[in-house]
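> This is the structure, below, for whatever I ask next.
The values are calculated or read from the model by the stated rules, or taken from the named source; none is laboratory data. All values reported here derive from a predicted model rather than from experimental measurement. Note that we place each Cβ from the backbone using ideal geometry, even for glycine, and neighbour counts take in every protein chain shown. Only protein heavy atoms, including side chains, enter the accessible area calculation; ligands, DNA and RNA are left aside. Shrake-Rupley method; radii C 1.70, N 1.55, O 1.52, S 1.80 Å.
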Amino acid sequence: PIKTRRFLPRRRARRRAIAVDDRETDLAFKTPVRSIMHSERILSEIDSLSPPNSASRNTYSPIVRFLTPSKESDVLMSPEQGIFGYDSIDLLAGNEDDDDVFNPIVFIKNIPLQSQHSRLRLRDIPPKTRSTPEATLVIDLEETLMFSSLNVIEDADYTFRAAFQDHHYKVYMILRPHVKEFLQAVAKIYELFVYTCAKKEYAEKILDFLDPQRKLFRHRLYQDNCVCVLGHYIKDLSILERDLAKTVVLDNAPHTYPYHLMNTIPIKSWSGESTDRELQKLIPYMEKLSAEDFREVLKKRKDHFHRLLSED
Amino acid sequence: MVSSQPKYELMQEVGRGSYGVVYEAVVKRTGARVAVKKIRCHSPENVELALREFWALSSIQSQHPNVIHLEECILQRDQLAQRMNHGSSSPLYLELVETSLKGEITFDPCCAYYLWFIMDFCDGGDMNAYLLSRKPSRKTNTSFMLQLGSALAFLHRNQIIHRDLKPDNILISQACTPAGSSEPTLKVADFGLSKVCSTSGLNPEEPAGVNKCFLSTACGTDFYMAPEVWEGHYTAKADIFALGVIIWAMVERITFVDVETQKELLGSYVQQGSEIVPLGEALLENPKMELLIPARKKSMNSHMKQLIREMLSANPQERPDACELELRLVRIACRELDWDT
């Protein structure tokens, strides 16, 4: 008996289910991203000698060059470069998905409606108590408050061992200048959350250094509390169950809050500049903000973001 | 010079999955055919899937005839390519580990980052294609059942939960048919959602935490999902449920057509009015629901019926474990052999 599969009432993103013969659906899912992605960045990778037409863009994408015999002898090639055969150019040239390079602005523009992906399981976050500050500040870790790397960082502030699968890795970590001063100051006037895309075990190690007595951050949210959309983790403020008019986010990657852009204060990504003063400069702003009516401030921010997004 | 001659030659594209493309290739030196799976590491989700698959395939030290075998893995970044071992300390590999730990791409998104898996080539397509293009045969069914039971017992013994068992992920190799047998060899493949439990000290019977956000996008094969998986809990017993759906559908040739792909798939389901509902979903709503096994009279013996019933229990603890399952399948097969002769 052949039955037709019914339409699923609860809408789940079903990338694997449709993967068998999914060119059309897959394209519908991704086309907007791609069409905007045809940027100079790809073109800049093209061999300058090749004519700038679309056919050559396919043929000379970096991946194909790897599989194509290199006529430019000055290009550095590893000894393993000849792992795959050279007759495969036609095979690989049609991979249109080789073209999309992640761009946060385009990502935000193309984000599906929030109702289109499954809701997160609610985590029981305790409500505010009387002694909790009225305003809520949600802070990211990586490149906002600190920077970590599996590659050696000379003069690292801390090192720790992180488990991944069945191995341990040594992680080097440096703190952004004035981070402790900043956290001490804002913890007095905000209910602090940390919300990171990093895995729990990893982020906890970092928090052991930033907040060893667990006095600064009242709540901690990790990768498990993120939603995965278009292959990227995003954060959802609605699981906090806080008044969004009283909630601000400090994050170096605003695209991780595509549904709450107007709550986000973007901060420059930090990866080690010792003269950085962003956090210090933010302290008076954060103090002033906590006393203001957020809605007014946030509206201005929202207008600003809309202007940014309408520019191409 | 060794390096002047490429090791493999890509012949043609044979499949396009959710996170990669699979090519048929030839080992130049021996002429042997291999499958080459190319995974683009351009989003945290793809990196996560690729590293999971790599871990699972690498952790199977002893080769099992019914589990896809990883020949080697090559990591490529732009024009640099390296043969890679699981847990390597190469900077190329560390970049992927860091991406997975941080949940965000840590390298320049413009660079071409790919994992290439070189694996067994399966010339018979997947289980859907193979079975549905042939007349139902009890002999084939019995052989497939035994091979699947053996593969799953092997995986669970090695602390690997597959988590995405379905006929699409079970491949057929006609070339490596064992001597004296007319039935081809099955190979369980696609370990992108698998979970290796050994290091965390987890027993495969214990619930493994499922990353909910991960499941929501990556899994969609709801017809093979156990009821508890719909709620986000996962143990090795969910693999048993999926295999129950597959075996029941195979024995009675129960299929449905996926609307989106128009593809006919092997899989049993529950009929509610004019709609068909995945077994797991129906059992989640009503755990006491009585399944109509077999769907057609006399299509299976009482032992088989009892076994499938147990495999599809709403309660994971009532399902047999993989070891017991393998044993019972062997017993059922022996009985059938007695009848035939």
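> For region B:304-326, which residues satisfy the criterion of being touching a residue at least 40 places away in the same chain (Cβ under 8 Å), assigned to a helix (DSSP H, G or I) and either in contact with a strand residue (DSSP E or B) (Cβ under 7 Å, 6 or more places away or on another chain) or not charged (D, E, K, R) (or both)?
B:MET304, B:ILE308, B:MET311, B:PRO316, B:GLN317, B:ALA322, B:CYS323, B:LEU325
> A further question follows. Confirm whether A:LYS246 is at pLDDT 90 or above and either touching a helix residue (DSSP H, G or I) at 6+ places or on another chain (Cβ under 6 Å) or open to solvent by 10 Å² or more (accessible area, probe 1.4 Å) (or both).
Details: at pLDDT 90 or above: no; either touching a helix residue (DSSP H, G or I) at 6+ places or on another chain (Cβ under 6 Å) or open to solvent by 10 Å² or more (accessible area, probe 1.4 Å) (or both): yes.
So A:LYS246 fails the test.
> Consider region B:259-276. How many of its residues are hydrophobic (A, V, I, L, M, F, W, C) and within 14 Å of B:TYR130 (Cα to Cα)? Show your work before the answer.
Taking region B:259-276 first, the residues hydrophobic (A, V, I, L, M, F, W, C) are B:259, B:265-266, B:270, B:276.
Retained after the next criterion (residues that are within 14 Å of B:TYR130 (Cα to Cα)): B:265-266.
Residues that pass the stated criteria total 2.
> Of all residues being open to solvent by less than 20 Å² (accessible area, probe 1.4 Å) and assigned to a helix (DSSP H, G or I) in region A:188-208, which is nearest to the other protein chains (Cβ to nearest Cβ)? Just the residue, please.
So the first thing to find is which residues in region A:188-208 are open to solvent by less than 20 Å² (accessible area, probe 1.4 Å), and the list is A:190-198, A:202-203, A:206-207.
When the remaining residues are screened for being assigned to a helix (DSSP H, G or I), the result is A:202-203, A:206-207.
Numbers: A:TYR202: 5, A:ALA203: 9, A:ILE206: 10, A:LEU207: 14 Å.
Step by step, filter region A:188-208, then rank; the result is A:TYR202.
> Could you please give the count of residues in region B:246-271 that are under 20 Å from B:VAL229 (Cβ atoms) and within 10 Å of chain A (Cβ to nearest Cβ)? Step through it out loud before you land on a result.
Going through region B:246-271, the residues under 20 Å from B:VAL229 (Cβ atoms) turn out to be B:246-249, B:256, B:258, B:265-270.
Of the ones still in play, those that are also within 10 Å of chain A (Cβ to nearest Cβ) are B:256, B:258, B:265, B:267, B:269.
Going through region B:246-271 one residue at a time, the tally reaches 5.
> Separate question: Testing B:PRO65 on (1) more than 8 Å from chain A (Cβ to nearest Cβ); (2) more than 19 Å from B:VAL196 (Cβ to Cβ); (3) open to solvent by 20 Å² or more (accessible area, probe 1.4 Å); (4) assigned to a helix (DSSP H, G or I), one condition comes back false. Which one is that?
Looking at each condition in turn, B:PRO65 falls short on (4).
> Take the conditions within 26 Å of B:LEU152 (Cβ to Cβ) and surrounded by 21 or more Cβ atoms within 10 Å (Cβ to Cβ) and apply them to B:LEU57. Does it pass? I'd like the intermediate steps shown before the answer.
Values: within 26 Å of B:LEU152 (Cβ to Cβ): yes; surrounded by 21 or more Cβ atoms within 10 Å (Cβ to Cβ): yes.
The answer is yes for B:LEU57.
> Oh, and also: Which of (1) modelled with pLDDT under 90; (2) out of contact with any strand residue (DSSP E or B) (no Cβ under 6 Å at 6 or more places or on another chain) does B:ILE276 not meet, given it meets every other one?
For B:ILE276, the failing item is (2).
> Still on this structure: Restricting attention to region A:112-144, report how many residues are modelled with pLDDT under 80 and under 22 Å from B:SER43 (Cβ atoms).
Residues of region A:112-144 that are modelled with pLDDT under 80, as a first pass: A:112-124.
Those still in the list that are under 22 Å from B:SER43 (Cβ atoms) too: A:112-114, A:116-120.
The qualifying residues number 8.
> Taking region A:223-235, which residues are open to solvent by 10 Å² or more (accessible area, probe 1.4 Å) and within 22 Å of A:TYR190 (Cα to Cα)?
A:ASN225
> For B:GLU71, indicate whether it is outside the structural domain of B:THR235 (by the TED database), open to solvent by 10 Å² or more (accessible area, probe 1.4 Å), part of a strand (DSSP E or B) and among the charged types (D, E, K, R).
Working: outside the structural domain of B:THR235 (by the TED database): yes; open to solvent by 10 Å² or more (accessible area, probe 1.4 Å): yes; part of a strand (DSSP E or B): yes; among the charged types (D, E, K, R): yes.
Here the answer is yes, as B:GLU71 does meet what is asked.
> So which residues in region A:137-172 are in contact (Cβ under 8 Å) with a residue 40 or more places away in the chain and under 20 Å from the mean Cα position of the chain (by Cα)?
Matches in region A:137-172: A:LEU137, A:VAL138, A:ILE139, A:ASP140, A:LEU141, A:GLU142, A:GLU143, A:THR144, A:LEU145, A:MET146, A:PHE147, A:SER148.
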